[in-house]
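Notes follow the structure.
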Amino acid sequence: MMKRLLLFCTLAAALCACGRENLVGVSFPEPPVEIATNEDFGMGLINYFNIIQIPDRTYRMYFSGNEVSGIAEDEWVQNLYLAESADGFHYEMKGKLMDALIEQSVCRVDDKTWPYRLVGNQMDDGHQCMFLWKSKDGITFTESKLLYKDKHDTQNVMVPRGQRMKLYSRVTQERYKNRRITLAEFSLDGEQLSATEVLAGDFLYNNAACKVDERYDLLFPTYYNTHGGTTDACFFRCYLADGPFMRELPCALNRWIEENERWFLASPGFIFINGERYLAFNTRTETHDQSHTGMVSKYKLIKVVLEYE
């Protein structure tokens, strides 16, 4: 009887393995769709943002911004703002949620009392620190917890995994050089559960991380320079990540970038609209040195198709 049971389990596992599809590529078959601009919200500057959908089906866009344009880099102060949408494409400004917060991501987690988490950067005693906040409604964030002190910044992406979260973040070793993506697991209360691993990449501007299933994530790092660190260019690669193990996948995103346009992916997770996957990003037409004082950004969604075999 035991031998029959073992044989049955072996055959079942083999059948499951044979029937399991492998993710082999990522395509972007349609042009991006513009969703908002600085002028739509009456803002002088908008920077990092992400979109989630809450249980009542409303789409929420959280973003860093400032109501004043032409801000010098050494005076560059951003706040956290909120806009909402019924269809995922047209957003209405709701107001400011928090002062002096940049490079943030908001996600929903498996916590009935505090179902929202926010991770972002604030200055603390002269140091740029990354904190985790909790919220009951996704509007008021409290219960802050220090995650990292110095070096970790753009784009901070929390990917929920049941009672834990994966945090993908950029670590900067030298200004505009030697940038890498790091990964560490945290509890929902912000306790670090794993060592901080350094992943792929160099000369990164930021990174989008999207959950494919309970095991895999897709990473879309934004490369902003050549390996010489001198050319002002923007291009993307795509990696399938199983923890610290990375496998590059074909990705056709670069063909949609127009000449003299800079794209920055800012999606902590896929955004599902009418059953379709989208990535969110913003674009700029200035060089990096000009972007702080003359930034004009457009905010867009682009449809994603996962290719299996």
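The values are calculated or read from the model by the stated rules, or taken from the named source; none is laboratory data. Computed from a predicted structure; not experimentally measured. Cβ placement follows ideal geometry from the backbone for every residue including glycine, while neighbour counts extend to all protein chains displayed.
Can you name the condition, by its number, that TRP263 falls short on among (1) among the aromatic types (Phe, Trp, Tyr); (2) under 20 Å from ASP40 (Cα atoms); (3) at pLDDT 90 or above? Unmet condition: (3). Please work out if GLU174 is surrounded by fewer than 19 Cβ atoms within 10 Å (Cβ to Cβ), in contact with a Gly (Cβ under 9 Å, 6 or more places away or on another chain) and either at pLDDT below 90 or not charged (D, E, K, R) (or both). Judged against the criteria, GLU174 is not a match. When region 113-143 is filtered for residues that are aliphatic (A, V, I, L, M), over 17 Å from ALA100 (Cβ atoms) and part of a strand (DSSP E or B), nothing remains. Could you pull out the residue among LEU97, LEU101 that is aliphatic (A, V, I, L, M), modelled with pLDDT of 80 or more and within 17 Å of the chain's Cα centre (by Cα)? It is LEU101.
Is it true that GLN53 is within 19 Å of GLY269 (Cα to Cα) and surrounded by 18 or more Cβ atoms within 10 Å (Cβ to Cβ)? Taking the combined requirement at face value, the residue does not satisfy it. In summary, ASP110 fulfils each of the numbered conditions (1) part of a loop (DSSP other than H, G, I, E, B); (2) out of contact with any Leu (no Cβ under 8 Å at 6 or more places or on another chain); (3) within 18 Å of VAL157 (Cα to Cα) with the single exception of condition (2).
State yes or no: is MET158 at pLDDT 85 or above and over 27 Å from GLY42 (Cβ atoms)? Criteria met by MET158.
So that you can scan it fast, the table gives a plain yes or no per residue for (1) at pLDDT 90 or above; (2) touching a Leu at 6+ places or on another chain (Cβ under 9 Å); (3) among the aliphatic types (A, V, I, L, M):
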| position | (1), (2), (3) |
| --- | --- |
| ASN66 | no, yes, no |
| LEU82 | yes, yes, yes |
| HIS90 | yes, no, no |
| TRP114 | yes, yes, no |
| CYS129 | no, yes, no |
| ILE139 | yes, yes, yes |
| ASP153 | no, no, no |
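For the criterion of being out of contact with any helix residue (DSSP H, G or I) (no Cβ under 6 Å at 6 or more places or on another chain), among the hydrophobic types (A, V, I, L, M, F, W, C), in a strand (DSSP E or B) and surrounded by fewer than 20 Cβ atoms within 10 Å (Cβ to Cβ), LEU146 passes.
Picking from TYR62, TYR48, which residue would you name as being hydroxyl-bearing (Ser, Thr, Tyr), touching an Asp or Glu at 6+ places or on another chain (Cβ under 8 Å) and surrounded by 14 or more Cβ atoms within 10 Å (Cβ to Cβ)? Answer to the selection: TYR48.
None of LEU82, LEU132 is within 18 Å of the chain's Cα centre (by Cα) and surrounded by fewer than 20 Cβ atoms within 10 Å (Cβ to Cβ) except LEU82. In this structure, GLY229 does satisfy being loosely packed, with under 15 Cβ neighbours inside 10 Å, over 20 Å from ASN38 (Cβ atoms) and at pLDDT below 80. The requirement of being touching a residue at least 24 places away in the same chain (Cβ under 8 Å), farther than 18 Å from ALA209 by Cα, in contact with a strand residue (DSSP E or B) (Cβ under 7 Å, 6 or more places away or on another chain) and not hydroxyl-bearing (Ser, Thr, Tyr) is not satisfied by LYS166. In this structure, does ASP74 turn out to be more than 19 Å from ASN207 (Cα to Cα), of a type in the set (Asp, Glu) and at pLDDT 95 or above? Considered against the rule, which asks whether it is more than 19 Å from ASN207 (Cα to Cα), of a type in the set (Asp, Glu) and at pLDDT 95 or above, ASP74 comes out as no. Across region 85-102, the qualifying residues are those that are among the aliphatic types (A, V, I, L, M) and assigned to a strand (DSSP E or B), and the one among them that is surrounded by the fewest Cβ atoms within 10 Å (Cβ to Cβ) is MET93.
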